[in-house]
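Contents: one structure, followed by commentary.
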Amino acid sequence: MRFLLVLVTAAVVIACGPPSGNNGNISSSNLKSTQSPTPRATSSGPSPVYTYDVVKTYPHDPNAFTEGLYYKDGFLYESTGEPKHSSLRKVDLQTGKVVQKWDLPPEDFGEGISELNGKIYQLTWQQELGRVFDAKDFKLLQEFHYQGEGWGMTTDGTNLIFDQGTHVIKFMDPNTFNTVKTLPVIRENGQPLMQINELEWIKGEIWGNIWHSEQSDILGKPNYIVRIDPNTGAILGWVDLGGISPDDVSRDPENTLNGIAYDADNDRIFVTGKKWKNLFEIKVKPKAQ
């Protein structure tokens, strides 16, 4: 999705303390349990790598350049990118049909979204502009500004959590839009994990797509999702989604894996990619050694 990336080298945590509480009506956290859906690493050394089984395949709009995704009450909420094609959408999970839509201005490039307390928050890529919508009718309520690019976003139920294509994840107050905490993410080799993209909060962890993870200077491994400790920034594990979408092998190189949604009530994980024609429900499991 990105054609220019400014490398940020700062790795200093602003010690505002970890986010606490799970207040309000949120879409991407599990209020019933904070137990990890798969085992966490319990010893030092390389972070564990997990694999997956496809539980079910759903249709996905092959023209949707997915930049943000979450699940709520039988529907997917999706933010699509690209100039003149960016939108906020409510999508029927079973059919892939768009049932509600708000088109961004033609110059905008839609990015990450999340819902908190009945409001949908949406980022844009390089416009340094965010928008707040009523989650029921997509009425535009407010606009806000931030410095730098906007990439992925999720919520822990208290703050908005977003990234800007670097190794730094930021926690933003949803009322003042001030940054209350920054969290650098460092790989096992001591290097920053760059190009963190679309985010999802899953049972007390931040899960993130890595844009072009196949590139040797990023990970050298295609279609990897990172699992991050929201308190320390430590990498808890990786989910190897290699081969997840065999029907899309001829897609454009920019149509990468991007989009994680979590159904907390039924403990279901969904993934898709930019302009992929399928969305997949997956079950994560340990990878055979």
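The values are calculated or read from the model by the stated rules, or taken from the named source; none is laboratory data. These figures come from a predicted structure and were not determined experimentally. Every residue, glycine as well, gets a Cβ built from its backbone with ideal geometry; the counts of neighbours run over all protein chains shown. The protein model used for the area step is the full one, side chains on, heavy atoms only, and it has no ligands, DNA or RNA in it. Shrake-Rupley method; radii C 1.70, N 1.55, O 1.52, S 1.80 Å.
Data table
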quantity	calculated
Accessible area, probe 1.4 Å, largest first, for residues H145, H212	H145, H212
Förster radius 35 Å - calculated FRET efficiency between A234 and T176, Cβ distance, rounded to 0.05	0.80
Gain on full stretching of the segment that runs from K285 to V55 - 0.36 nm per residue minus C-alpha separation	81.6 nm
Solvent-accessible area per residue, Å², over the range 46-167 with all protein chains present [probe radius 1.4 Å]	38
Efficiency of FRET between V99 and N189 - r from beta-carbon atoms, R0 41 angstrom, step 0.05	0.35
Span from the the range 134-155 Cα centroid across to the the range 177-234 one, whole angstrom	21
Label-point separation, D247 to D217 (7 Å along Cα→Cβ), nm	3.6
Sulfur and carbon atoms: percent of accessible area, the range 161-289 [1.4 Å]	45
Per residue accessible area of the range 184-258, 1.4 Å probe, in Å²	34
Rounded percent of accessible protein surface that carbon and sulfur make up, the range 69-132, 1.4 Å probe	47
